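Read the figures in this text as sums done on the coordinates, not as results from a lab. Predicted, not measured: the structure shown is a model, and the values here were computed from it. We place every Cβ from the backbone using ideal geometry, glycine too, and count neighbours over all the protein chains shown.
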Amino acid sequence: MTSIKKTLAATAAALTMAVAFAPAAEAKFHRNGWLAAGLIGGAVIGTAIAANNAHAAPVYHAPEVGPDCYRVRERVWDDYRGRFVTIRKTVCE
C-alpha cells in the first residue's frame, strides 16, 4: 500500500471517528467534548492503521560452513574507497 493510500485511510478513519463520537458537541461551559475525543481517537486509530506493516524485515542468515571450512578475516586494498578494508572469506580445504 502506498503512503498516499495510507494517509487517505488514516484521514478517513479520523473523520469517521470524529463524526461518530460528536453528535452534540459544544464548547459552551466545556461540556460534551465528544468532538475532541472523536478527533483524538480517530487520529490514534488512523495512525495505527497507516503504520501497519504487512511485510516483515528481511533476515540475513550466514552461509553454512562445512566441517573442512573455516572463516578468516583479511585486509585488502579497496581501489574504490582508496584504503584498506577488512573482508571475511570462507576457506575450504
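Quick notes on this one:
- Likely footprinting exposure, Leu8, Leu39, fewest C-beta neighbours within 10 Å first: Leu8, Leu39
- Ranking of Lys6, Lys89 by count of other Cβ atoms within 10 Å, fewest first: Lys89, Lys6
- Virtual paramagnetic centre 7 Å along Cα→Cβ of Asp68, amide N under 16 Å, in segment 77-93: 90-93
- Footprinting exposure proxy ranking of Tyr80, Tyr70, fewest other C-beta atoms within 10 angstrom first, gives Tyr80, Tyr70.
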